[in-house]
């Protein structure tokens, strides 16, 4: 058992996994591009099927070119708090295998991109930042405005920054600003056959 960050695991995992969470309150301070590239470097070392590395990362740094455009590509409720992040990232994955596989559909592209996001989130915490993944983004507009070609899927957005006091948030978001708990492991991991417990 491990206890950290008002969370408790059932087994002896590294506390970093409990320390990682997805806040909305960010300071808005500038992040250096090299600092962000460190997080993306960790992400791109994630495991991938046949080493195809289907993930692609599009990013914008606060205060620089593309920031306002990236912010506008989030749904309004996410723009409200993500405007104080230091960087915004869109994760895109290639839905087909490369030339080595003659362009056959990839079954695991989203799975692999998710592994890369997990690496990024942990490296962010190790580097003194937090990362908040978002499904609330304008997927089709991102494809069109950022030049994402056919055969690539816009997976998610990520806001990165240093944590701030929750007082910077709206009342609605202040009420949600805490590390979430998880279901018991027994509800998601089954020895043998699937158990439908939803």
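All of the numbers you see were taken from the coordinates with simple rules; none came from a lab. Note that the coordinates shown come from a computational prediction; the quantities given were computed from them, not determined experimentally.
Distance from the C-alpha centroid of region 3-63 to that of region 154-171: 13 Å, rounded to the whole angstrom. Only DSSP H runs of four or more residues enter the estimate; each adds -39500 (n - 2.57), and after division by the residues of the chain the mean residue ellipticity at 222 nm equals -8000 deg cm²/dmol. When only C-alpha pairs under 8 Å and at least 6 residues apart count, what is the relative contact order of region 2-164, in percent? The normalised contact order for region 2-164 reaches 31 percent. For the chain, the convex hull spanned by the alpha carbon atoms encloses 154 Å³ per residue.
Stokes-Einstein, applied to the Kirkwood radius of region 42-140 over Cα pairs at a viscosity of 1.002 mPa s and 20 °C, places its translational diffusion at 146 µm² s⁻¹. The translational diffusion coefficient of region 27-71, from Stokes-Einstein at 37 °C and 0.692 mPa s with a Kirkwood hydrodynamic radius over alpha carbon pairs, comes to 267 µm²/s.
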